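The values are calculated or read from the model by the stated rules, or taken from the named source; none is laboratory data. Fair warning: this is a prediction, and the values are worked out from it, not measured in the lab. Glycine also receives a Cβ, built like all others from the backbone with ideal geometry; neighbour counts cover every protein chain displayed. Please note that ligands, DNA and RNA were not included when accessible areas were found on the heavy atoms of the full protein model with its side chains. Shrake-Rupley method; radii C 1.70, N 1.55, O 1.52, S 1.80 Å.
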Amino acid sequence: MSDTTGLPEPDEGGGIDIDGMEKLQPDMTVGDGHDIELFEELQKAKPAPPVPEFYANLADDMDAAELSEIATRCLDLYDIDKQARKKRDERQKKAMQSSGIADTAGPQAGDSAFEGGSVVTHPMLLKSAIQLSTNLTSELLPANGPVKSSLIGTPDRAKMEKADRKVRHMNWQCTDQIEEFYDEVETALSQVPYDDQFIKVWHDTARKRPRVEYVPGDRVFVPYDCGYFYGSPRIWIDQPLPLAEVERRMDKGVYRTIELTGAGTNGADETASQQQADKIAGKERSAANEDGVRPVVWGSVVDDFEGDGEAPYLIEIDEINREVLSIHRNWEEDDETKRRFDWLVKFSMLPGRDAYGLSLYDLVGSLSTAATGALRALLDSALVNTTPSLIKLKGLNFSGQTQQLELCGVTELEGAVGDDPDIRKMMMAIPFNQPSPTLFQLLAFLTQQGESLVRTAIDDSAVDASTPVPVGTQLSRVEQGLKVYKQIHARAHRAMGRLLTIQHRLNGLYLDEKQLVLDAGEILAKVSDYQGPIDVRPVSDPDIFSEQQRAAQAQVVSQRATAMPQLYDMRKVEERILSSLKVPNYEELLAKEGQVQEQNAATENLLASMGQHLAVYPEQDHLAHIQAHVDFMQSPVLGANPLI
């Protein structure tokens, strides 16, 4: 069951069989130094903790009639909630069309006015979407990992070491172990400008690691009256699964075993957004349904499945057979409040009035459509003025004719030709107006309004270097110019924090130190580290979202440290500056900090005169040391010397 929900199966606890461990013997030769280190680490490592029976698949022991009633009731609610969000799916399709990607022109902008006319789409929406997703990705997904420590309470050495271990381990998971982490999260962020997007996190027992999966917003449904997504009584995911995957989960005990009938789905249930995404990607689903894809409904619901009152559960249902595949409790065993676990993380651009937010298309879609219309009018006007359209006479003279002009072609009119062979009297070019300057002004106005409404990049006013300005003023310009994006970034930062919280919880349930040694070569973190408060958070900063801000802040710190050096640790200042400039391996450039050792009073006086630090040790004669230091400082030859 943990393959799909993240909750563990009881029969999966108590450790795992690690291939090759029997080959690691303590009597290895000196030449096998690496293997000896690995063996020693394995000796210290612990297997995965056993998982309580509390998280068993309840459907295995429930009556068939009861399961049938549950499946019918849940699928009816699922259909109601899905239908309530149908218009949102159409709107997301329009947003993707308005971006102008692939060969689509966008229905709201209209087709070309005539055959051969322009079908170009103004890049306003696409430009802002690319800038927005790129900025979010660069901040939330740095190359070294998205996790940093966040100590709770008064910091001490034990807390710092524990947090550092978890930071190393979780960053290793995100960058190496969970190979799809960056790709899936980046895909979600790339689609945020078009609608809310989701990331599902769970534990995969087959791969023995956490899994991360991108879930498009058009496949997630909540009730019509839901106002807060994470507080919704029902959260549904429409997740098509290949037949082989469903059977594999049955074999592993993740799903209860049922007879799978029906032909599955061949894509007929695809959402409008998915169809548009397929068109952009240039792919088409085969009608044969070779993989036997079946629609499986995943739900996080608050219900009374056990007759003990309402509580949070996870349920999965085969929609074709209308059969319950699994039901699991979705709260911590010892939690009397039964607070629901989260498995789905929402990334949203701007908040709306209900569970879903507003997209970039909701804000600038109409402006983008108007700009597309103005751009097409200009291009069509240029086309008909550079490619003449003609009319000519033929046949007898008929009055009262109505003809559709063939632009960039020849239109024939009935009329008396006569005996005059002069072709200029038989054919005439149609006079069209030149491209209007008003259209140019309108296009510029619409573009400026659309890009300034939601500014996702620093504009020229914030980075203009023609006139020197103080650093504080420059920083203020940047912040004022990007206030809207700052809030977008803050929401994405909180969503990433929720994702890391789920990853933290999975490590507390599943972390197998022995498997970790084989995968990473050492015990990066202990399972006991995750049995406590969450002291990690995203490495991004909701108040800093650009390199210009970091550079400006580093410059301010440098100026203040130079003005008042007695208040600053200059080494830390230099580290902050080099870090903000992203100098690789800057630690290698700085002189090594000397280790403070226990010394006698005379040596300490000498070290102090050289500007080095001193340390106090319990066994020293403190009064004698202090007296020696006072005598040194008061001596006009030694400490009181102006040179010293």
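Suppose we filter region 217-258 for residues that are polar (S, T, N, Q) and in contact (Cβ under 8 Å) with a residue 12 or more places away in the chain; how many remain?
Initial filter on region 217-258 (polar (S, T, N, Q)): 232, 239, 257.
From what's left, in contact (Cβ under 8 Å) with a residue 12 or more places away in the chain: 232, 239.
Looking only at that region, the number is 2.
Among the criteria (1) open to solvent by 10 Å² or more (accessible area, probe 1.4 Å); (2) assigned to a helix (DSSP H, G or I); (3) in contact with a Gly (Cβ under 9 Å, 6 or more places away or on another chain), the one residue 519 does not fulfil is (3). Only one entry in 86, 44 is open to solvent by 60 Å² or more (accessible area, probe 1.4 Å), under 27 Å from residue 213 (Cβ atoms) and at pLDDT 75 or above, namely 86.
Go through the residues of region 239-248 one by one and say whether even a single one is in a strand (DSSP E or B) and either open to solvent by less than 10 Å² (accessible area, probe 1.4 Å) or over 30 Å from residue 508 (Cβ atoms) (or both). First the steps, then the outcome.
Taking region 239-248 as the starting set, the residues that turn out to be in a strand (DSSP E or B) are 239-241.
Next, only the ones that are either open to solvent by less than 10 Å² (accessible area, probe 1.4 Å) or over 30 Å from residue 508 (Cβ atoms) (or both) stay: 240.
Yes, some residue in region 239-248 is in a strand (DSSP E or B) and either open to solvent by less than 10 Å² (accessible area, probe 1.4 Å) or over 30 Å from residue 508 (Cβ atoms) (or both).
Taking the conditions exactly as written (farther than 30 Å from residue 523 by Cβ and surrounded by fewer than 18 Cβ atoms within 10 Å (Cβ to Cβ)), does residue 60 satisfy them or not? Considered against the rule, which asks whether it is farther than 30 Å from residue 523 by Cβ and surrounded by fewer than 18 Cβ atoms within 10 Å (Cβ to Cβ), residue 60 comes out as yes.
Any residue at all in region 586-609 that is under 30 Å from residue 142 (Cβ atoms), touching a strand residue (DSSP E or B) at 6+ places or on another chain (Cβ under 8 Å) and open to solvent by 50 Å² or more (accessible area, probe 1.4 Å)? No, region 586-609 contains no residue that is under 30 Å from residue 142 (Cβ atoms), touching a strand residue (DSSP E or B) at 6+ places or on another chain (Cβ under 8 Å) and open to solvent by 50 Å² or more (accessible area, probe 1.4 Å).
Looking at region 347-365, can you tell me whether even one residue there is assigned to a strand (DSSP E or B) and without any contact (Cβ under 8 Å) to a residue 60 or more places away in the chain? Among the residues of region 347-365, at least one is assigned to a strand (DSSP E or B) and without any contact (Cβ under 8 Å) to a residue 60 or more places away in the chain, which makes the answer yes.
Exactly one residue out of 76, 32, 63 is modelled with pLDDT of 90 or more and more than 23 Å from residue 253 (Cα to Cα), and it is 76.
A quick yes/no check of all residues on (1) within 30 Å of residue 236 (Cβ to Cβ); (2) at pLDDT below 85; (3) over 24 Å from the mean Cα position of the chain (by Cα):
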| position | (1), (2), (3) |
| --- | --- |
| 100 | no, yes, no |
| 104 | yes, yes, yes |
| 114 | no, yes, yes |
| 124 | no, no, no |
| 135 | no, no, no |
| 143 | no, no, no |
| 150 | no, no, no |
| 153 | no, yes, yes |
| 175 | no, no, no |
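Selection of region 134-173 for residues being in a helix (DSSP H, G or I), in contact (Cβ under 8 Å) with a residue 60 or more places away in the chain and open to solvent by 60 Å² or more (accessible area, probe 1.4 Å) yields 159, 165, 168.
Does residue 273 qualify as being open to solvent by less than 30 Å² (accessible area, probe 1.4 Å) and part of a strand (DSSP E or B)? It is false that residue 273 is open to solvent by less than 30 Å² (accessible area, probe 1.4 Å) and part of a strand (DSSP E or B). Scan region 211-225 for residues that are in a loop (DSSP other than H, G, I, E, B), of a type outside the set (Ser, Thr, Tyr), open to solvent by 20 Å² or more (accessible area, probe 1.4 Å) and farther than 18 Å from residue 272 by Cα and the total you get is 1. Kindly indicate the residue of region 371-386 that is farther than 12 Å from residue 117 by Cα and among the β-branched types (Val, Ile, Thr) and also least open to solvent (accessible area, probe 1.4 Å) among those meeting that condition. The qualifying residue least open to solvent (accessible area, probe 1.4 Å) is 372.
Take the conditions open to solvent by less than 50 Å² (accessible area, probe 1.4 Å) and part of a helix (DSSP H, G or I) and apply them to residue 256. Does it pass? Considered against the rule, which asks whether it is open to solvent by less than 50 Å² (accessible area, probe 1.4 Å) and part of a helix (DSSP H, G or I), residue 256 comes out as no.
Output the residue which, of all residues in region 539-595 that are modelled with pLDDT under 80 and among the aliphatic types (A, V, I, L, M), is nearest to residue 134 (Cα to Cα). Of everything passing the filter in region 539-595, 544 is nearest to residue 134 (Cα to Cα).
In region 536-575, the residue that is surrounded by the fewest Cβ atoms within 10 Å (Cβ to Cβ) out of those that are of a type in the set (A, V, I, L, M) and closer than 25 Å to residue 170 by Cα is 544. Output the qualifying pairs, or none if there are none: Cβ atoms under 8 angstrom, residues six or more apart or on different chains, first residue in region 39-52 and at negative phi, second residue in a loop (DSSP other than H, G, I, E, B) and open to solvent by 60 Å² or more (accessible area, probe 1.4 Å). As it stands, the answer is 39/25; 39/26; 41/522; 46/526; 47/16; 48/16; 52/333, since those pairs meet every condition given.
In the set (1) within 24 Å of the chain's Cα centre (by Cα); (2) surrounded by 22 or more Cβ atoms within 10 Å (Cβ to Cβ), the condition left unmet by residue 228 is number (2).
Just so you know, in region 494-508 the residues that are of a type in the set (D, E, K, R) and more than 13 Å from residue 200 (Cα to Cα) include one that is nearest to the chain's Cα centre (by Cα), and it is 494. Within region 482-502, the set of residues being modelled with pLDDT of 95 or more and either open to solvent by less than 10 Å² (accessible area, probe 1.4 Å) or in a loop (DSSP other than H, G, I, E, B) (or both) comprises 495, 496, 499, 500, 502. So, residue 200, is that one under 12 Å from the mean Cα position of the chain (by Cα), on the phi < 0 side of the Ramachandran plot and not in a loop (DSSP other than H, G, I, E, B) or not? Answer is yes for this residue. Once region 610-640 is narrowed to residues that are in a loop (DSSP other than H, G, I, E, B) and within 24 Å of residue 570 (Cβ to Cβ), the residue that is most open to solvent (accessible area, probe 1.4 Å) is 613.
Return yes when residue 335 is within 34 Å of the chain's Cα centre (by Cα) and charged (D, E, K, R) and no when it is not. Yes; evaluated as a whole, the condition is true for this residue. Where residues in region 317-335 are among the acidic types (Asp, Glu) and assigned to a loop (DSSP other than H, G, I, E, B), which of them is surrounded by the fewest Cβ atoms within 10 Å (Cβ to Cβ)? It comes out as 334.
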